[in-house]
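A.B. asks: Just passing along the structure, written as structure tokens.
The values are calculated or read from the model by the stated rules, or taken from the named source; none is laboratory data. Fair warning: this is a prediction, and the values are worked out from it, not measured in the lab. Backbone-built Cβ (ideal geometry, glycine too); neighbour counts: all protein chains shown. These area figures cover heavy atoms from the full protein model, side chains too; ligands, DNA and RNA do not enter into them. Shrake-Rupley method; radii C 1.70, N 1.55, O 1.52, S 1.80 Å.
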Amino acid sequence: MVQHPDKNYIDPIQVRIHNQPAYCAHIEEEVDGMPWFDDIKEYLSKREYPEHANHTQKCTLRRLSNHFFHSGGNLYRRTPDLGLLRYVNVKEAAKLLEDVHAGTCGPHMNGFILAKMILRAGYFWMTMETGCIQYVCKCFQSQVHADMIKMPPNELNTTSSP
């Protein structure tokens with residue numbers, strides 16, 4: 001801790017605990033059969049809130065909708081470099097994981113690289129990074145070949161002890 005020159009104490013930090021989970025911070029499956037971003041799509045197209053939304057959820061929905069773009073039935077997220085990432089549902093995400101990891105965009109890869117490849121392809125979902133890591137952990141070929149680390153020959157000589 002750093003002592004403030006004018007005070008002998010540090011002001012407390014106010015922390016609010018919400019008794020409801022965040023609107024869409026961690027979505028793994030679609031319980032009602034609709035994609036998690038369906039409320040955002042409806043808000044962008046009709047400017048109407050869902051019937052069951054309370055005041056906090058309405059504020060969150062308005063704030064989230066600023067980062068999205070609705071076009072042709074698809075929802076896109078604007079990136080800082082003015083690109084667009086298409087949001088996908090659970091079924092499309094599973095298909096993307098399977099295709100990209102199997103070799104559409106290169107050979108088998110670890111979870112973080114897999115997530116980056118999917119981002120470069122222009123797709124996104126909220127739990128993409130954790131989903132990619134879990135998918136790679138379940139892949140038999142990735143686990144078999146995970147211990148084969150390829151090092152350049154000059155590094156092999158310097159790391160071995162006499």
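A.B. asks: Are any residues in segment 93-125 open to solvent by less than 50 Å² (accessible area, probe 1.4 Å) and either farther than 29 Å from residue 46 by Cα or of a type in the set (D, E, K, R) (or both), and if so, which ones?
C.D. replies: The answer is 96, 97, 100, 101, 103, 106, 109, 111, 114, 115, 117, 118.
A.B. asks: Six or more apart or on different chains, Cβ atoms under 8 Å: show the pairs whose first residue is in segment 69-90 and in a strand (DSSP E or B) and whose second is among the hydroxyl-bearing types (Ser, Thr, Tyr) and surrounded by fewer than 16 Cβ atoms within 10 Å (Cβ to Cβ).
C.D. replies: Short answer, once both residue conditions are applied: 70/45; 85/79.
A.B. asks: Oh, and also: Where residues in segment 35-92 are over 20 Å from residue 125 (Cβ atoms) and of a type in the set (Asp, Glu), which of them is least open to solvent (accessible area, probe 1.4 Å)?
C.D. replies: That would be 48.
A.B. asks: Scanning for something closer than 19 Å to residue 131 by Cβ and touching a Phe, Trp or Tyr at 6+ places or on another chain (Cβ under 7 Å), does segment 58-80 turn up at least one residue?
C.D. replies: Yes, because at least one residue in segment 58-80 is closer than 19 Å to residue 131 by Cβ and touching a Phe, Trp or Tyr at 6+ places or on another chain (Cβ under 7 Å).
A.B. asks: Please identify the pairs in which a residue from segment 106-121 that is within 19 Å of residue 83 (Cα to Cα) has its Cβ atom under 6 Å from the Cβ atom of a residue that is at pLDDT below 85, counting only partners at least 6 apart or on another chain.
C.D. replies: 117/105
A.B. asks: Can you tell me which residues in segment 111-138 are within 13 Å of residue 98 (Cα to Cα) and of a type in the set (Val, Ile, Thr)?
C.D. replies: 118, 133, 136
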